[in-house]
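Before any comments, here is the structure.
The values are calculated or read from the model by the stated rules, or taken from the named source; none is laboratory data. In this text the structure is predicted, and so the values were computed from the model without any measurement. Here the Cβ positions follow ideal geometry from the backbone for every residue, glycine too, while neighbour counts run over all protein chains shown. Protein only, heavy atoms only, side chains kept; ligands, DNA and RNA dropped before computing areas. Shrake-Rupley method; radii C 1.70, N 1.55, O 1.52, S 1.80 Å.
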Amino acid sequence: MHAWRQALIAADAVIGDFGSVSYYAAALGTPVLLGAATLSVLGADSPVAAFVRTAPRLDPYAPLPP
């Protein structure tokens, strides 16, 4: 049920969406790239919305950053 917790702790990097797991990864200091993100479903002043506004985006046509 909460198996994502162990995977998140063991991850070297995360490609995620606008959900809380991506936010938790960033809070742990794990590099995060957003593959999909929308602000329309998030509260404008929520911490996750602030994260989504500033987190780097995955560009499928560019090399991954180091």
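Subtracting the Cα-Cα distance from 0.36 nm times the residue separation, let me have the gained length for GLN6 to ARG53 in nm, one decimal.
14.3 nm
Loop only by DSSP, 12 or fewer other Cβ within 10 Å of the Cβ. Give me the chymotrypsin sites (Phe, Trp or Tyr not before Pro) in the chain that pass, ordered by residue number.
TYR61
Report, to the nearest whole %, how much of the accessible area of the chain belongs to carbon and sulfur atoms, 1.4 Å probe, protein only.
In the chain, the share of accessible area belonging to carbon and sulfur is 63 percent.
Under a 1.4 Å probe, what is the accessible area of the chain per residue, stated in Å²?
With all protein chains present, the chain gives 70 Å² per residue.
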